[in-house]
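Colleague: Pasting a structure below so you can have a look.
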Amino acid sequence: MLAVPDMAAPSAGLRQRRPGRDRAPAGAPGAAPAASPDSPEPGVGAAASPLSPGTFWLTRIVLLRSIALLYFVAFLVAFHQNKQLIGEKGLLPCKLYLQDVKKYFKGKVGLDALSYAPTLIWFLDWSDMDSTLDCLALAGLAVAAFVLLTGCANMVLMSLLWLLYLSLVNVGQIWWVLNPSYFAFPSCCLWSTLIFVFCLEHWKVPFPPCLVPSHSPALLEPL
């Protein structure tokens with residue numbers, strides 16, 4: 001008679017595998033590829049991947065850098081042309097313009113004068129108007145350069161850009177309204193900035209994930 005093979009359950013003769021044992025050698029058919037020493041651990045790469053899908057970081061960076069580029073160009077032009085146009089010896093000095101506005105409102109810088117010509121120059125030194133105009137333009141250049149390079153901003157930074165540019169526009173007189181196409185630029189720039197002012201964070205300046213080290217998971221939390 002033929003010997004009948006043992007028909008016992010297959011699991012009875014199998015040993016329980018432990019992690020790290022009975023692993024197929026590298027290069028064998030069906031074996032998993034060997035892990036590279038430079039490859040990240042499971043779960044680490046997903047947490048540190050910059051600009052992951054499902055977020056609005058890319059849209060945020062593009063919009064902020066676009067408006068910052070417009071402000072950078074505007075403040076750079078103002079820095080080079082303010083003294084010749086509205087400076088102390090300019091064609092239409094803004095100092096004389098503000099003095100006329102102040103005289104029209106009975107020599108007082110009140111709400112009427114501020115609403116007619118809202119500008120920070122009312123509260124600054126008028127003895128050296130060229131330096132005052134340069135300081136406003138340079139401050140705007142610094143803030144715009146920061147937003148342009150980093151791609152991040154908050155309500156305070158955008159409000160500062162808006163206020164500095166508004167201060168120059170409202171003393172520009174006919175140089176800002178002589179060309180209708182050019183006049184549309186400061187108006188659109190100021191109005192679009194107000195959208196950012198009301199949509200961004202108040203005090204926190206969130207940096208994009210591509211600028212945050214991967215070992216700081218707390219900074220990668222969504223907004």
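The values are calculated or read from the model by the stated rules, or taken from the named source; none is laboratory data. Quick caveat: nothing in here was measured; it's all calculated off a predicted structure. Cβ: placed from backbone, ideal geometry, glycine included. Neighbour counts: every protein chain shown. Protein only, heavy atoms only, side chains kept; ligands, DNA and RNA dropped before computing areas. Shrake-Rupley method; radii C 1.70, N 1.55, O 1.52, S 1.80 Å.
Colleague: What do you reckon, is Gly90 under 16 Å from Ser167 (Cα atoms), touching a helix residue (DSSP H, G or I) at 6+ places or on another chain (Cβ under 6 Å) and surrounded by 12 or more Cβ atoms within 10 Å (Cβ to Cβ)? Write out each step before concluding.
Modeller: Working: under 16 Å from Ser167 (Cα atoms): no; touching a helix residue (DSSP H, G or I) at 6+ places or on another chain (Cβ under 6 Å): yes; surrounded by 12 or more Cβ atoms within 10 Å (Cβ to Cβ): yes.
So Gly90 fails the test.
Colleague: Do you know which residues across the stretch 178-203 are closer than 18 Å to Ala117 by Cα, open to solvent by 80 Å² or more (accessible area, probe 1.4 Å) and either at pLDDT below 75 or not hydrophobic (A, V, I, L, M, F, W, C) (or both)?
Modeller: Selection gives Leu178, Phe183.
Colleague: Evaluate the stretch 112-124: report whether one residue or more is assigned to a loop (DSSP other than H, G, I, E, B) and within 28 Å of the chain's Cα centre (by Cα). First the steps, then the outcome.
Modeller: Narrowing the stretch 112-124 to residues assigned to a loop (DSSP other than H, G, I, E, B): 117-119, 124.
Restricting the remaining residues to those that are within 28 Å of the chain's Cα centre (by Cα) gives 118-119.
Looking for residues that are assigned to a loop (DSSP other than H, G, I, E, B) and within 28 Å of the chain's Cα centre (by Cα), one finds at least one in the stretch 112-124, hence yes.
Colleague: Out of Phe72, Phe79, I need the residue that is among the aromatic types (Phe, Trp, Tyr), open to solvent by 60 Å² or more (accessible area, probe 1.4 Å) and either closer than 16 Å to Leu133 by Cα or at pLDDT below 50 (or both). Which one? Steps first, please.
Modeller: Working: Phe79 fails: open to solvent by 60 Å² or more (accessible area, probe 1.4 Å).
Within the list Phe72, Phe79, the selection yields Phe72.
Colleague: Within the stretch 147-163, is there a residue that is open to solvent by 20 Å² or more (accessible area, probe 1.4 Å), within 30 Å of Leu58 (Cβ to Cβ) and among the polar types (S, T, N, Q)? If you could, list the steps in order and put the result at the bottom.
Modeller: Narrowing the stretch 147-163 to residues open to solvent by 20 Å² or more (accessible area, probe 1.4 Å): 148-150, 155-157, 159-160, 162-163.
Then keep just the ones that are within 30 Å of Leu58 (Cβ to Cβ); that gives 148-150, 155-157, 159-160, 162-163.
Keeping just the survivors that are among the polar types (S, T, N, Q) gives 150, 159.
Yes; the residues of the stretch 147-163 include at least one that is open to solvent by 20 Å² or more (accessible area, probe 1.4 Å), within 30 Å of Leu58 (Cβ to Cβ) and among the polar types (S, T, N, Q).
Colleague: Between a first residue in the stretch 142-165 that is in contact (Cβ under 8 Å) with a residue 24 or more places away in the chain and a second residue that is polar (S, T, N, Q), which pairs have beta carbons less than 9 Å apart while being 6 or more apart in sequence or on different chains?
Modeller: Here the result reads Met158/Thr193; Ser159/Thr193; Leu161/Thr193; Trp162/Thr193; Tyr165/Thr193, each pair linking the stretch 142-165 to a residue that is polar (S, T, N, Q).
Colleague: Taking Asp130 as the residue in question, decide whether it is among the acidic types (Asp, Glu), open to solvent by 30 Å² or more (accessible area, probe 1.4 Å) and touching a Gly at 6+ places or on another chain (Cβ under 6 Å). If you could, list the steps in order and put the result at the bottom.
Modeller: Details: among the acidic types (Asp, Glu): yes; open to solvent by 30 Å² or more (accessible area, probe 1.4 Å): yes; touching a Gly at 6+ places or on another chain (Cβ under 6 Å): yes.
Answer is yes for this residue.
Residue-by-condition table, conditions (1) under 17 Å from Leu163 (Cα atoms); (2) in contact (Cβ under 8 Å) with a residue 24 or more places away in the chain; (3) not charged (D, E, K, R):
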site	(1), (2), (3)
Asp100	no, no, no
Lys106	no, no, no
Gly110	no, no, yes
Thr119	yes, yes, yes
Phe123	yes, no, yes
Asp128	no, yes, no
Leu133	yes, yes, yes
